[in-house]
1. I'd like to know which of Ile166, Ser122, Leu196 lies farthest towards the positive end of the charge dipole of the chain, counting +1 on Cβ of Lys and Arg and -1 on Cβ of Asp and Glu.
2. Pairs of Cα atoms under 8 Å, at least six residues apart: use those to get the relative contact order of segment 201-296, whole percent.
3. Only bridges with both residues in the chain count here: give the DSSP antiparallel percent, nearest 5.
4. Taking the Cα centre of segment 2-149 as origin, sum charge times position over the Cβ atoms of Lys and Arg (+1) and Asp and Glu (-1), and report the length of that vector in debye to the nearest 20.
5. Place the peptides 132-139, 205-212 in order of packing, highest mean first, counting for every residue the other Cβ atoms within 10 Å and averaging per peptide.
6. Taking the Cα centre of the chain as origin, work out the dipole magnitude from +1 charges on Lys and Arg Cβ and -1 charges on Asp and Glu Cβ, in debye rounded to 20.
7. So, in nm, how far is label Glu148 from label Arg180 when the simple model puts each one 7 Å beyond its Cα toward the Cβ?
8. Using a Förster distance of 30 angstrom, determine the FRET efficiency expected from the C-beta separation of Thr172 and Ser226, and round it to 0.05.
Amino acid sequence: MGVRIKSTGVSRTGDTHSIITHSGRAAKRAMERAGIQPEQVGVMINAGVHRDSNIVEPAVSALIQKAAGIGLEYEKDDPTSFSFDLMNGAIGVLNAVQVATSILETGSAEHVLIVSGDTHPSLTRAVADDEFPYATAGAALLLERTDEPEGFGRVHTATAEGTPAIEAYVDTATMGTVGRGLMTVEREPGFEDRLLEIALETARAALAEDGAADLSGTVLIASTPSAEFPLRLADSLGIARDSVRTPDLSYGDPHTAALTIAYDRAVAQESLGSHTRVLFVAAGAGPSAAAVLYQLPALVGAPA
């Protein structure tokens, strides 16, 4: 038995900068594409980090769950569902895949929905810049069990020693009365090289477990701290650059949503058909990284 992607959903531009709204819309789109009802989602995991007005409580997952219309009925015999936040920066989605796999393997849920995405806490902007390098975007990844020889392998993780390379925080010494709309992001000199080093470690571990020397059938989908990062990673791994798939980076790095958006885009463009697997690699603050191989179904159709 394995765990596979049943559908995806993305919400980016429009009438709001709220990550709660965008993530809720992305979740609804993923369910609609899969043809399932909200009560069929047993667990929802939110991997997003930067949220509306720097909300701390309640858990943002609960607010997204409400926006998605999941688990809102409380009759005696209604199926139960719950949600929680799992925040680990850019690698949060792959950590969520680890948790979702464990849940689905027990048979305790029919589907697990992983949502991710970030926004500037001021809710006044959607485009990244030097001060806040993350674009507003919401994404959803709907997972299910399968008896077919496809789906996710083992998620490999690693953390390097030393300083975190990237930090994001609210400066309590200077925030005054406007702290709910502020966020400080600091990237150390050479941070991308450090992310690349740890990303390579996990990617090679994932590839070594598979044991296949031929990478011609492998698509690479990686974090996008820069537009060049996935290409640099591909070069180091020996994966052809034309086998790299990225999200639309017009507005900047979608951060925690990057992997899901890139996969959604590749399926929509029908650019996975000649490949047999996807290597997902995420790298971020820590510096830390995660990687997993995903065996593609025989036919990967475009989302509705």
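Just so you know, all these numbers are worked out from the coordinates, no wet-lab data involved. Everything quoted here is computed from the prediction, not taken from an experiment. Cβ placement follows ideal geometry from the backbone for every residue including glycine, while neighbour counts extend to all protein chains displayed.
1. Sorting the options by dipole projection puts first Ser122.
2. Values: 146 pairs, mean separation 32.6, N = 96.
After rounding, I find 34 percent.
3. Details: 35 of 51 bridges.
Among the beta bridges of the chain, antiparallel pairing accounts for roughly 70 percent.
4. Numbers: 12 positive and 19 negative charges, 60 e Å.
I would put it at about 280 debye.
5. Details: 132-139: 27.4, 205-212: 14.4.
Taking the mean over residues of other Cβ atoms within 10 Å, the ranking is 132-139, 205-212.
6. Working: 22 positive and 39 negative charges, 92 e Å.
Its charge dipole is roughly 440 debye.
7. Placing both labels 7 Å beyond Cα along the Cβ direction yields 4.7 nm.
8. Details: r = 30 Å, r/R0 = 0.99.
The pair Thr172/Ser226 has a calculated efficiency of 0.50.
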